Amino acid sequence: AQNSSPACKTRMGTSLSREGKDRVKGAKKDGGTELNLSDIDMSKFSKQVLKFKHLVVLDLSRNHLLAVPDWIGKLQDLEDLNLSHNEIPFLPASIVRCSDLKGLNLEDNELVELPATISTLQHLVSLNIGTNRIPSLPQDFGSLKQLTTLDYSHNELDEIPKEVWQLTNLQTLIIAGNRLKEYPPQLENMKDLRTLDLSMNELTELSFTIGNLTKLENLKVNANSLELLPKRFEELVNLQDLSLDGNRLNDLSTFDLGKLTALQHLSMERNQLTHFHPGLGTLTLLRTLNLSSNLLEEFPKQIGWIAKNMRRLNISDNKLVVLPGEITMLSVSCDVDISANPLTYPFDCLYDNGPPQYTDAMRPYVKAYYKNCRAQGEGLAGSIAGIGTQFSIEAYDFRGEHRVNGKDKFSAVLRKKPVEDDFLADMDEWTQKVIVKDNEDGSYHAFYNCKVSGHMIVDVMEDGQHIPGSPFPCYIAPGETCAKECAVAGAGLQNPVTGKPVEFTLYARDRFGNNADRGNDPFTVAVVGGSNPTPVVIDNENGSYAISFVPGWPGEYICSISLLGEHIAGSPLKLTITGDAASASPLPAAA
């Protein structure tokens, strides 16, 4: 009973306990370079430490130390010092004599400042001052150029001291658990950061400048008030671990999640998401995904596309009534939690049995996989303006099995082929929707009737993704030539004079006004009046015809142009021929 008294504990605090003495003996036996006296209920430094002349690693964490003695500076070979989880109010200036110090852990003490001389520890690589009350840093703190890891979390900071932003070689910065209301703009210059923790602050948004941190591999912004993520978030292409738990995220469409292809761990639990980004299908390295406690009403089929590496999926506590059939593609070793959802049959069975093997019963729920789908038919090569044409689409799932039912999200659009170097290419692009009919057996018929001729492209997509071969190049040929749509133009129709050829061009067009792309139309051209000249018609074989005649003397001439007995627009043309250019009366050109 005496050994458990408070007095006994106090005596243990002023000298080493039996366990502590055993550790000292063991450290000496092992060479005397490492000493672990953590968690032995010690309240005062033991001078036993000084017996280790070449101590490199010293761990005094999880005790009740109230002070650090000045003689700590005698440990001049020390490289790693752990004083975390004690009750130390300040560090002695003599700490700087430990000039080889590389790692210093002061987490969870009673510190209110750091010694001004700490900047002389030029070999310091890692510093943890988390869970203290240090509102400011020494003026020369920024000169610690070797420092790559800084934990400045839980210090009740309203803003980060400017000296932190001078540490441009930092690779790990933890400033969680403070009172930051705005994303620090200085972060955009910390371009070597690999790990950033902004959790448990009061942030409502992330700056677009976060896109500058392209080396970032680990990002935590848990327990803030984020609602949206900036567009440039997709530039964090080296992210491997992303945690955004406990925010107010409700929409992920503001950036392309699919570009974060290095992601291995993604957690967004306790948000307000109703849908998840289909870009999930490109995250082939993803191993864990936690979307629990959201408002998900559906879950993307793309989960099956990344099933190979998935080890844990948590979509519990949402509003899911059905699940994608692709969930059956997850490995039996994948830990799946779908509890606390209003699932209907057969998906409610997964709660008890886990993802079933791929069976005929589940095939109707496994949707099309865009890379395995196929399209064929004459409509993909082209058509004639005004004549309907079609093509077919066959749907296949991720495993290459033909789909047995419909309701896949196929769409098709016909659009003008972009012209290189056309400065108008991005303005009001012409498109025509293609009608896609679901045959409800895994096949689809696509139909269009295009009235615009030219080189086109047919986009065929499944759920917004191009299937193989898409976009398909096609050509819509102009229809039969229509006399009423044909027209003439040319400078020769302005101020014609005697003795000089009257030259102009006839343009053949179909009933929609499309220029013909070939010749051989049986146009008839006749000129009456004056000298009754015989017109010359040259077929350019591209839908245009060069017409010319030479008037012999002044007067009124009538030029008739017809196609199969029907006059073209503006025919007959009335031309007044003058004796010379000076006396010619101007006439408007034919439309």
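The values are calculated or read from the model by the stated rules, or taken from the named source; none is laboratory data. Note that the coordinates shown come from a computational prediction; the quantities given were computed from them, not determined experimentally. We place every Cβ from the backbone using ideal geometry, glycine too, and count neighbours over all the protein chains shown. To get the accessible areas, we keep the full protein, side chains included, count just its heavy atoms, and leave off ligands, DNA and RNA. Shrake-Rupley method; radii C 1.70, N 1.55, O 1.52, S 1.80 Å.
Counting the residues of the stretch 553-578 that are in a loop (DSSP other than H, G, I, E, B) and either surrounded by fewer than 13 Cβ atoms within 10 Å (Cβ to Cβ) or among the β-branched types (Val, Ile, Thr) (or both) gives 4.
The single condition among (1) closer than 30 Å to Gly555 by Cα; (2) open to solvent by 40 Å² or more (accessible area, probe 1.4 Å); (3) not aliphatic (A, V, I, L, M) that Thr505 does not meet is (2).
Residues to consider are Gly211, Gly258; find the one that is in contact with a His (Cβ under 9 Å, 6 or more places away or on another chain), open to solvent by less than 60 Å² (accessible area, probe 1.4 Å), assigned to a helix (DSSP H, G or I) and not hydroxyl-bearing (Ser, Thr, Tyr).
Gly258
Gly281 passes every criterion in (1) part of a loop (DSSP other than H, G, I, E, B); (2) surrounded by 19 or more Cβ atoms within 10 Å (Cβ to Cβ); (3) not acidic (Asp, Glu) apart from (1). Which residue is surrounded by the fewest Cβ atoms within 10 Å (Cβ to Cβ), if the candidates are limited to the stretch 484-498 and must be at pLDDT below 95 and assigned to a helix (DSSP H, G or I)? Within the stretch 484-498, the match that is surrounded by the fewest Cβ atoms within 10 Å (Cβ to Cβ) is Ala491.
Of all residues in the stretch 437-475, those that are in a strand (DSSP E or B), free of Cβ contacts under 8 Å to residues at least 60 places away in the same chain and acidic (Asp, Glu) total 2. Taking (1) under 16 Å from Leu295 (Cα atoms); (2) within 9 Å of the chain's Cα centre (by Cα) in turn, Gly279 satisfies each apart from (1). Screening Asn238 on (1) closer than 19 Å to Asn294 by Cα; (2) touching a residue at least 24 places away in the same chain (Cβ under 8 Å); (3) in a loop (DSSP other than H, G, I, E, B) shows it passes everything except condition (1). Restricting attention to the stretch 525-552, the residues that are open to solvent by 80 Å² or more (accessible area, probe 1.4 Å) and assigned to a strand (DSSP E or B) add up to 2.
The residues of the stretch 51-96 that are charged (D, E, K, R) and more than 18 Å from Val125 (Cβ to Cβ), listed by number, are Lys51, Lys53, Arg62, Asp70, Lys74, Glu87.
Here the condition is being within 20 Å of Ser38 (Cβ to Cβ) and at pLDDT 95 or above; of Leu147, Leu104, Leu124, it holds for Leu104 alone. Here Val96, Val56 are screened, and the one residue that is out of contact with any strand residue (DSSP E or B) (no Cβ under 7 Å at 6 or more places or on another chain) and open to solvent by 10 Å² or more (accessible area, probe 1.4 Å) is Val96. The single residue among Gly519, Gly543, Gly552 that is of a type in the set (Gly, Ala, Ser), closer than 30 Å to Tyr475 by Cα and in contact (Cβ under 8 Å) with a residue 40 or more places away in the chain turns out to be Gly543.
Quick one: which residue in Ser316, Ser292 is in contact (Cβ under 8 Å) with a residue 40 or more places away in the chain, over 17 Å from Asp463 (Cα atoms) and open to solvent by less than 50 Å² (accessible area, probe 1.4 Å)?
Details: Ser316 fails: in contact (Cβ under 8 Å) with a residue 40 or more places away in the chain.
The unique qualifying residue is Ser292.
Here Val434 passes the criteria (1) assigned to a strand (DSSP E or B); (2) surrounded by fewer than 20 Cβ atoms within 10 Å (Cβ to Cβ); (3) in contact (Cβ under 8 Å) with a residue 24 or more places away in the chain; (4) β-branched (Val, Ile, Thr) except the one numbered (2). Note on the stretch 132-158: residues that are of a type outside the set (A, V, I, L, M), part of a loop (DSSP other than H, G, I, E, B) and over 35 Å from the mean Cα position of the chain (by Cα) amount to 7.
For the stretch 370-380, the condition of being at pLDDT 85 or above, assigned to a loop (DSSP other than H, G, I, E, B) and not acidic (Asp, Glu) holds for at least one residue.
Checking the conditions here, which among Lys308, Lys301 is at pLDDT below 95, loosely packed, with under 15 Cβ neighbours inside 10 Å and not β-branched (Val, Ile, Thr)? The conditions single out Lys308. With respect to (1) surrounded by 15 or more Cβ atoms within 10 Å (Cβ to Cβ); (2) farther than 22 Å from Ile175 by Cβ, the lone exception for Pro115 is condition (2). Taken together, the criteria place Gly454 among residues that are open to solvent by less than 20 Å² (accessible area, probe 1.4 Å) and more than 30 Å from Tyr369 (Cα to Cα).
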